[in-house]
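Below: the structure, in structure tokens.
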Amino acid sequence: MEDEVIIDLFWNRSEAAISETKKKYSSYLVTIANNILQDKQDAEECENDTYMHTWKSIPVLHPENLKAYLSKIIRNISISRLRSKLAKKRGGDTIITSYDELAECIPDKSMNESIDTNILKEILNDFLKDIPKEKRIIFMKRYWFSYSVSEISKQMGRNEKYITNNLYVLRKKLKKVLERRGYYE
């Protein structure tokens, strides 16, 4: 079923919207959540929470890209759940490492109130358009889909050092782009 039809089902408050969304995107959404949480049961709960959030939000919003909209929701729900789990454990987790890496080059909003999220999103999109496809894939797999370096290495047929070095160089380039745009003093 086409995304526009699914969105119309949400708009018309048809329960078929959730079943059609699940049919089309379940494995995709569970993969994202599982990459973040490393727990299949939690990932499935996040998937269900995503459908509920979507049910509540679509009458207000009309997403242009349903897949991207759903992936953003499940990422946020999964990260929130992970933070909650880690706070309870008082331990660390390797998934958080990717967010810490990215935090090195993206300024903290609490430190710089002048950061406009929409402008930052635009800068990130431009940055991704300007880098070669392979590097863009590596960047997205690590910082959007939360794959580990070893998983990316296996998927792309490259060694881990190659992936690690590319991620380091990309973070430095992103920081320079942000510096040119005035996000650092």
Which residues, taken from the range 130-158, are assigned to a helix (DSSP H, G or I), surrounded by 14 or more Cβ atoms within 10 Å (Cβ to Cβ) and of a type in the set (S, T, N, Q)? Ser153
Conditions (1) under 29 Å from Ile152 (Cα atoms); (2) surrounded by 14 or more Cβ atoms within 10 Å (Cβ to Cβ); number of the one not met by Ser84: (2)
Picking from Lys161, Lys133, Lys85, the residue that is closer than 28 Å to Glu44 by Cα, of a type in the set (Lys, Arg) and at pLDDT 70 or above would be Lys85
Looking at the range 159-172 only, could you name the residues that are surrounded by 16 or more Cβ atoms within 10 Å (Cβ to Cβ) and either among the charged types (D, E, K, R) or part of a loop (DSSP other than H, G, I, E, B) (or both)? Arg171
How many of the residues making up the range 1-17 are surrounded by fewer than 18 Cβ atoms within 10 Å (Cβ to Cβ) and either within 13 Å of Pro59 (Cα to Cα) or under 25 Å from the mean Cα position of the chain (by Cα) (or both)? 9
With the requirement that a residue be more than 18 Å from Trp144 (Cα to Cα), of a type in the set (Val, Ile, Thr) and in a helix (DSSP H, G or I), what does the range 18-73 give you? Ile18, Thr21, Thr54
For Arg13, which of the numbered conditions (1) part of a helix (DSSP H, G or I); (2) on the phi > 0 side of the Ramachandran plot fails to hold? (1)
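The values are calculated or read from the model by the stated rules, or taken from the named source; none is laboratory data. Quick caveat, the model's predicted, so the values are computed rather than measured. Every residue, glycine among them, receives a Cβ derived from its backbone with ideal geometry; neighbour counts consider all protein chains shown.
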